[in-house]
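> Structure provided below as structure tokens; questions to follow.
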Amino acid sequence: MRDFSRKFGIFTAFGLLLLSACSSEHRPKYWHAGSERPYEIKGVRYYPQTNYQYSAVGYASWYGPGFHGKPTSTGRTFDKNKLTAAHRTLPLPSVVIVENLSNGRKVKLLVNDRGPFAHTDKRIIDVSQRAAEILGFKKRGHVKVRVTCLPKESQLAAVKYKRKPYPSRRRK
């Protein structure tokens, strides 16, 4: 009987270990759940878009040292030296052009993360440290920008990430 209890205990512990390895806490938060699904951060609900016709003016900030080496929402590792960005609602991944409206500099970025989640609604995108350098606002920390999604390149990026591209919705 004692031998049965020991085997049952080992079996139960092994089963619990397997179940915990499958829990969603170990997965990137938005990628596996589907980047098109609504999600909540700090009590605010966000509704990702499924079209690539996005164009907006707002503020960009940059993120780098504190996030460097950590997983993005797509499951890739964030590298502050790559040309990437975080957006609240664009399909993941997407490709955008970000233009600094104060100096006219532009850069093409891969959106592979969710954010920014600051206390202001004026920030529409977080860019990598390298992108902030190219756009000329690294020392300042933030700048007014225009963000324009590139539909064809975004769909190609989705294929490259082994995801089905989201269908473009045409405006009527």
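> Take the stretch 66-113 and flag every residue that is out of contact with any strand residue (DSSP E or B) (no Cβ under 9 Å at 6 or more places or on another chain) and closer than 19 Å to Val143 by Cα.
Within the stretch 66-113, just Gly104 meets the criteria.
> Out of the residues in the stretch 140-172 that are at pLDDT below 85 and farther than 22 Å from Thr72 by Cβ, state the one that is farthest from the chain's Cα centre (by Cα).
Residue satisfying both the conditions and the ranking: Lys172.
> Taking the conditions exactly as written (of a type outside the set (Gly, Ala, Ser), crowded, with 20+ Cβ neighbours inside 10 Å and under 21 Å from Leu135 (Cα atoms)), does His87 satisfy them or not? Lay out the reasoning, then the answer.
On the way: of a type outside the set (Gly, Ala, Ser): yes; crowded, with 20+ Cβ neighbours inside 10 Å: yes; under 21 Å from Leu135 (Cα atoms): yes.
Judged against the criteria, His87 is a match.
> Next question, about the same structure. Does Val107 count as modelled with pLDDT of 95 or more, of a type in the set (Val, Ile, Thr), surrounded by 17 or more Cβ atoms within 10 Å (Cβ to Cβ) and under 26 Å from Val44 (Cβ atoms)?
Values: modelled with pLDDT of 95 or more: yes; of a type in the set (Val, Ile, Thr): yes; surrounded by 17 or more Cβ atoms within 10 Å (Cβ to Cβ): yes; under 26 Å from Val44 (Cβ atoms): no.
Against the criterion (modelled with pLDDT of 95 or more, of a type in the set (Val, Ile, Thr), surrounded by 17 or more Cβ atoms within 10 Å (Cβ to Cβ) and under 26 Å from Val44 (Cβ atoms)), Val107 does not qualify.
> Criterion first (crowded, with 19+ Cβ neighbours inside 10 Å, at pLDDT 95 or above and more than 15 Å from Ala157 (Cα to Cα)) does Ser102 satisfy it? If you could, list the steps in order and put the result at the bottom.
Working: crowded, with 19+ Cβ neighbours inside 10 Å: no; at pLDDT 95 or above: yes; more than 15 Å from Ala157 (Cα to Cα): yes.
For Ser102, the condition - crowded, with 19+ Cβ neighbours inside 10 Å, at pLDDT 95 or above and more than 15 Å from Ala157 (Cα to Cα) - is not met.
> Same structure, new question: Which is more than 25 Å from Lys144 (Cα to Cα) and at pLDDT 90 or above, of Gly69, Gly75, Gly15? First the steps, then the outcome.
On the way: Gly75 fails: at pLDDT 90 or above; Gly15 fails: at pLDDT 90 or above.
It is Gly69.
> In addition: Scanning the stretch 43-66 for residues that are at pLDDT 85 or above and outside any strand (DSSP E or B), which turns out surrounded by the most Cβ atoms within 10 Å (Cβ to Cβ)? Let's see the steps before the verdict.
Filtering the stretch 43-66 for residues at pLDDT 85 or above gives 43-48, 52-63, 66.
In the following step, the residues that additionally are outside any strand (DSSP E or B) were identified as 43, 47-48, 52-54, 66.
Details: Gly43: 5, Tyr47: 11, Pro48: 19, Tyr52: 23, Gln53: 12, Tyr54: 20, Gly66: 9.
Here the residue is Tyr52.
> Right, next: Can you name the residue in the stretch 121-139 that is closer than 24 Å to Pro48 by Cβ and assigned to a loop (DSSP other than H, G, I, E, B) and is also modelled with the lowest pLDDT among such residues?
Asp121
> Test each condition in (1) in contact with a His (Cβ under 8 Å, 6 or more places away or on another chain); (2) in a loop (DSSP other than H, G, I, E, B) for Ala118 and report the one that comes out false.
(1)
> I've got another one for you. Look at the stretch 94-115 and say how many of its residues are touching a residue at least 12 places away in the same chain (Cβ under 8 Å) and assigned to a loop (DSSP other than H, G, I, E, B).
Here the count works out to 6.
The values are calculated or read from the model by the stated rules, or taken from the named source; none is laboratory data. Everything numeric here is computed off the predicted structure, so don't read it as measured data. In this analysis, Cβ positions are derived from the backbone assuming ideal geometry, glycine residues included, and neighbour counts consider all displayed protein chains.
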